[in-house]
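Read through the structure below, which is laid out as structure tokens, and then see the notes.
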Amino acid sequence: MYVRTTVIQADPAKIDEGLTVVRQEVFPAVSDIDGNVGMSLFVSRESGRCIACTAWESDEAMRESADKVISLRDRATQTLGASSSEVMQWEVAVVHRDHSAPEGACARITWLKGEPSTADRAVDVYKMAVLPRIQEFDGFCSASFFINREAGRAVGTMTFDSREALEATRDSAAQIRGAASREIGATVEAVEEMEVAFAHLHVPEMA
């Protein structure tokens, strides 16, 4: 399974309008593309930063969809009043769900940078040292870990029932994150806490 992420710096005042376009126009169109297995969108209403994820059955399906999604991406970024966007492609290494994210769910997204040769080690550490601990947090919904072997980058996402549940785990998550990043020799590029605005990913369990 593979995922394409688009990070958008939007106008905070246009978030709601953008969400309507994603739900009513972009998601149905993306769903009709061969090999698509869903879409999700995370937003920060304070900063205007948005992260859209589309999931694909294979690397081939993801690459073949590239030209087809350009107009959809342009439509979303235009509606969101975006000043910039960045597109990345990822291999899905880990997915674990306890239950579906309810309305009001929030996520903590961690971006990592390391040596390309450590990708498999990073996946092992996530599976054996990170996931068993975070899934015990109160309010835990799901977790995922994506890697880009060529770039030596990874992104981990943990989703919680509410912002209160997310905030209650900050200190514990920071300790886990610090230990795991040292174990694999990776740099934590950024940690973001965002609203789960839209979640229709159908990626199977991969833990």
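Our coupling estimate for the stretch 131-145, obtained by passing each phi through the Karplus curve with A = 6.51, B = -1.76, C = 1.60 and θ = phi - 60°, is 4, x, 8, 6, 6, 8, 5, 4, x, 5, 9, 6, 8, 8, 9 Hz, Gly and Pro reported as x. Rounded to the nearest 10 degrees, the inclination of helix 170-184 to the longest alpha-carbon principal axis of the chain is 80 degrees. Panel order for Met39, Met206, by other beta carbons found within 10 Å of each beta carbon, from fewest to most: Met206, Met39.
Less than 5 angstrom separates the built amide H of Ala82 from those of Asp11, all sequence-distant by 5 or more or on a different chain.
Applying a DSSP loop filter and a limit of 14 other Cβ atoms within 10 Å to the GluC sites (Glu not before Pro) in the stretch 70-163 leaves Glu103, Glu136, Glu150. Only helices enter the 222 nm calculation for the chain: every DSSP H run of n ≥ 4 contributes -39,500 (n - 2.57), and dividing by all residues gives -8500 deg cm²/dmol, rounded to 500. Is the shape of the stretch 86-135 best called rounded, prolate or oblate, per the rule: a/c under 1.5 gives rounded, else a/b larger than b/c gives prolate, else oblate, with a ≥ b ≥ c the square roots of the Cα gyration tensor eigenvalues? Oblate. Within the straight-line cut-off of under 29 Å between alpha carbons, the lysines reachable from Lys127 are Lys113, sequence neighbours fewer than 8 places apart in one chain being disregarded. Ordering Cys141, Cys50 from the fewest to the most neighbouring beta carbons within 10 Å gives Cys141, Cys50. Couplings for the stretch 31-36, taken from phi via the Karplus curve 6.51 cos²θ - 1.76 cosθ + 1.60 with θ = phi - 60°, read 4, 7, 7, 4, x, 6 Hz in order; Gly and Pro are left as x.
Between the residues Ile184, Ala129, Ala93, the greatest Cα displacement towards the positive end of the dipole of the chain, with unit charges on the Cβ of Lys, Arg, Asp and Glu, is found for Ile184. Between the Cα long axis of helix 66-79 and the first principal axis of the chain there is an angle of about 80°, rounded to the nearest 10. Close amide-amide hydrogen proximity is noted between Arg45 and Glu195, each under 5 Å apart and 5 or more residues distant or on a separate chain (H modeled in the peptide plane; Pro and chain starts excluded). Among the GluC sites (Glu not before Pro) found in the stretch 19-68, those both in a DSSP coil and sparsely packed, with 16 or fewer other Cβ atoms within 10 Å of their Cβ, are Glu46, Glu57.
3J(HN,Hα) along the stretch 37-50: 10, x, 8, 9, 9, 10, 9, 10, 5, 6, 8, x, 6, 10 Hz, from the Karplus curve 6.51 cos²θ - 1.76 cosθ + 1.60 with θ = phi - 60°, whole Hz, x for Gly and Pro.
Shape class for the stretch 1-52, computed from the alpha carbon gyration tensor (a ≥ b ≥ c): oblate, with a/c not under 1.5 and a/b at or below b/c.
Per residue, the average separation of C-alpha pairs within less than 8 Å and at least 6 apart gives the stretch 2-201 a relative contact order of 28 percent.
Readers should treat all values here as calculations from the given coordinates under stated rules, not as data from a laboratory. Treat the numbers as computed from the prediction; the structure is a model and nothing was measured. Every residue, glycine among them, receives a Cβ derived from its backbone with ideal geometry; neighbour counts consider all protein chains shown.
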